[in-house]
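Inspection log for the structure reproduced underneath, given as structure tokens.
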Amino acid sequence: MATQGIVQNPLLTLVIGGARSGKSRHAQSLARATPAPWVMIVTAEALDDEMRERIAMHKAARGEGWITMEAPIDLADAVSEAPAHAAMVIDCLTLWLSNLMLGDHDLDLAVTGLEAALRARTAPTIVVSNEVGLGIVPETPLGRDFRDRAGSLNQRIAARAQQVIFMLAGLPMTVKALP
């Protein structure tokens, strides 16, 4: 099935929403609807004590049955290297984008690589991202650039996904669902 020349992936779901909206929890529940093991690709880096604590809490909350892969930069490679038969959660695109931008990486090349890796998946893949365009206009040029690039990235992934779920206060709202 194609929309405006974009090939959609019938196994791809985008879970998007604001901070602390329940995105990760919901994405994990979608993966757990399939047989274990499940793959969790995390893009966060533990650069300080607070982030190390957050990462540890997320990992403990997942429980057993998860294979965790860290991919703060090389997300396409991690997606390609993950077990093909296992459902996958990528958490999250906006942290990955931030890592790429701050590291001065080639964003177009990275996103194109990720799209190719997602197309090749043969098991359910759930991508988590933050919706950053609902708030105020960022004060700094870097903030505005990030907001714009995150919006474009989210649109590209949403166009390819079979399903898009917007999370609001822990409640999943289906925005897109193709047969």
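The values are calculated or read from the model by the stated rules, or taken from the named source; none is laboratory data. What you see is a predicted model; the values in this text were computed from it and never measured. Backbone-built Cβ (ideal geometry, glycine too); neighbour counts: all protein chains shown. Heads up: the accessible areas ignore ligands, DNA and RNA and are worked out on the full protein's heavy atoms, side chains in. Shrake-Rupley method; radii C 1.70, N 1.55, O 1.52, S 1.80 Å.
Residue-by-condition table, conditions (1) open to solvent by less than 80 Å² (accessible area, probe 1.4 Å); (2) modelled with pLDDT under 90; (3) farther than 12 Å from residue 89 by Cβ:
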residue: 34; (1), (2), (3): yes, no, no
residue: 38; (1), (2), (3): yes, no, no
residue: 45; (1), (2), (3): yes, yes, yes
residue: 55; (1), (2), (3): yes, yes, yes
residue: 58; (1), (2), (3): yes, yes, no
residue: 62; (1), (2), (3): yes, yes, no
residue: 66; (1), (2), (3): yes, no, no
residue: 72; (1), (2), (3): yes, no, yes
residue: 77; (1), (2), (3): no, no, yes
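Any chance the range 122-133 includes a residue that's touching a Ser or Thr at 6+ places or on another chain (Cβ under 7 Å), of a type outside the set (Phe, Trp, Tyr) and modelled with pLDDT under 95? Yes.
On inspection, residue 179 qualifies as surrounded by fewer than 13 Cβ atoms within 10 Å (Cβ to Cβ), over 19 Å from the mean Cα position of the chain (by Cα), modelled with pLDDT under 95 and not hydrophobic (A, V, I, L, M, F, W, C).
Regarding residue 14, is this residue open to solvent by less than 40 Å² (accessible area, probe 1.4 Å) and touching a residue at least 60 places away in the same chain (Cβ under 8 Å)? It is true that residue 14 is open to solvent by less than 40 Å² (accessible area, probe 1.4 Å) and touching a residue at least 60 places away in the same chain (Cβ under 8 Å). Within the range 63-117, the only residue that satisfies the criterion of being over 26 Å from residue 35 (Cα atoms), acidic (Asp, Glu) and under 16 Å from the mean Cα position of the chain (by Cα) is 74.
Scanning the range 124-150 for residues that are open to solvent by less than 60 Å² (accessible area, probe 1.4 Å) and among the polar types (S, T, N, Q) yields 125, 129, 130. All conditions but one from (1) assigned to a helix (DSSP H, G or I); (2) open to solvent by less than 30 Å² (accessible area, probe 1.4 Å) apply to residue 164; the one that does not is (1). Restricting the first member to the range 106-124 and to residues that are among the β-branched types (Val, Ile, Thr), and the second to residues that are in a helix (DSSP H, G or I), the beta-carbon pairs closer than 7 Å and six or more apart or on different chains are 111/153; 111/156. Remark: pairs (first residue in the range 85-103, open to solvent by 10 Å² or more (accessible area, probe 1.4 Å); second residue among the acidic types (Asp, Glu) and part of a loop (DSSP other than H, G, I, E, B); Cβ separation under 7 Å; 6+ apart in sequence or on different chains) = 99/45.
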